[in-house]
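Heads up: the structure comes next, in structure tokens.
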Amino acid sequence: MCGIVGVYSNEPVVRDLFYALNTLQHRGQESCGIAVSDDKDISCHKGMGLVQEVFREENIQNMNGNIGIGHVRYSTAGGSYEYNTQPLLGFSKGKRIAIAHNGNLINNQLLKTRLEEDGMMFQTTIDSEVILYLISRYYNGNMLDAVKKTMDLIKGAYSLVVMLKDKMVAVRDPYGFRPLVMGRRGDDYIFASETGVIDVLGGEYIRDLEPGEIVIVKDNKMESHMYEHKAPMSTCIFEHIYFARPDATIDGLNAYSFRVKTGEILAKESPVDADVIVPVPDSGRPGAIGFSSKSGIPIMEGLVKNRYMGRTFIKPTQREREIAVKLKLNPIVDVVKGKKVVLVDDSIVRGTTSKRLIESLRAAGAKEVHMRITSPPVTHSCYFGIDTPRRKNLIAAHSTVQEICDNIGADSLGFISIDALREAAGPEFKFCKACFDGKYPLDPCVL
């Protein structure tokens, strides 16, 4: 899971990209980078760490260009190494090309092996380099043709912003797994993983790119083209459950409104007798608000969040996740002591966070701790960009709800149903739910 942005303007764009990447920081905290074009050449600065750490004023001042792309990375594949930072740059037919990618290819290893047999030597371990190489290989002056030929070969999830010195290309995969929105600011074009970027940059949201859409911007003119091979719409529902900021509207569905609705439905599906509702900050808060509104149980901030800690789910190792949980959240004794607590969170993936939180609430004096989750049990691996590649790490893949409840130490546990998830999203919203039922829109075993 990553965040990408592209800005095409008549003015310098590096500060816009800097602000945009800060807006998308929640989507990746391992590395970041910016590439800009001044119509003569493409320059790039990137590194490991947060946006504020990698980019200093001297870096920003030295990057001139009116076209640019940016990337924040969380490694779902390829490992957390400096050589895997994006954007990636390459050459083709004397033209320099830069690319930023969000998603995950399921046939990456197959393509990579074939390219290596042809003599290709890779500089990274990420699938994004395969995409860059294929586009470069097929580019003969016609970028649309190169992108379509690349799309014929790559399978999986990808939202892309691709830059040449005089143009920008935005691409969304035929299933629409990963989000990509488009906005305008005067004559400028903005592409980003979430609508919040457009808001922060003072632009106006136009629309989401359609699945399979290829948008090319050159000379301040935008052209839209469609990849010919159709696929069923399969937006990742985990974007709305967890990853996207609450202010993000993706494919017509606002993340905050959706999360509140799931909490309301969950209160009806899994009622509980309790004194107080405590949300798990931050993504559990809207669901807790919805649960409180329907149940009548008051909601209080019973966990204090360390604002300087990142998201525990997107730490690259299990040990780091366990330490991060301890550092990140601390209970407020006066809120939970002697109380029957409903702890509301967005998901249980490995069970580590939930177990540690319940232990801390009991240590703070909570009489009972009932856990309510605004997503169904995650029982299957995701191959399209969510960091659940191995089923053995998913607690719900090998445990019943009661067994999970016992494992995490809760007095009771309730998950929202898949049907309720559909109700909360609305009948027009088509999403991938393979992580809950194993029904993949694109079979990861058929390559």
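For the reader, a short list of remarks on this structure follows.
- Total residues in the range 261-285, condition outside any helix (DSSP H, G or I) and open to solvent by less than 40 Å² (accessible area, probe 1.4 Å): 11
- Counted residues, the range 418-429 - those being in contact (Cβ under 8 Å) with a residue 24 or more places away in the chain and surrounded by fewer than 17 Cβ atoms within 10 Å (Cβ to Cβ): 4
- Tally, over the range 384-399, of residues that are assigned to a loop (DSSP other than H, G, I, E, B) and touching a Pro at 6+ places or on another chain (Cβ under 9 Å): 4
- Unmet criterion (only one of (1) small (Gly, Ala, Ser); (2) crowded, with 20+ Cβ neighbours inside 10 Å; (3) farther than 18 Å from residue 243 by Cβ; (4) at pLDDT below 95) for residue 292: (4)
- If you filter the range 381-417 down to residues that are in contact with a strand residue (DSSP E or B) (Cβ under 8 Å, 6 or more places away or on another chain) and among the polar types (S, T, N, Q), you find that the one that is least open to solvent (accessible area, probe 1.4 Å) is 412.
- When residues in the range 210-260 are screened for being closer than 19 Å to residue 385 by Cα, of a type outside the set (Phe, Trp, Tyr), in contact (Cβ under 8 Å) with a residue 40 or more places away in the chain and open to solvent by less than 20 Å² (accessible area, probe 1.4 Å), 11 of them pass.
- Qualifying residue in the range 190-200 (condition: surrounded by fewer than 19 Cβ atoms within 10 Å (Cβ to Cβ) and touching a residue at least 60 places away in the same chain (Cβ under 8 Å)): yes
- Identity of the residue in the range 59-77, at pLDDT below 95, touching a strand residue (DSSP E or B) at 6+ places or on another chain (Cβ under 7 Å) and outside any loop (DSSP other than H, G, I, E, B), that ends up least open to solvent (accessible area, probe 1.4 Å): 73
- Restricting attention to the range 118-153, the residues being assigned to a loop (DSSP other than H, G, I, E, B) and within 13 Å of residue 101 (Cα to Cα) number 1.
The values are calculated or read from the model by the stated rules, or taken from the named source; none is laboratory data. The shown structure was predicted, so the numbers you read here are calculated from the model rather than taken from an experiment. Backbone-built Cβ (ideal geometry, glycine too); neighbour counts: all protein chains shown. Areas reflect the complete protein model, heavy atoms only, side chains present, ligands, DNA and RNA absent. Shrake-Rupley method; radii C 1.70, N 1.55, O 1.52, S 1.80 Å.
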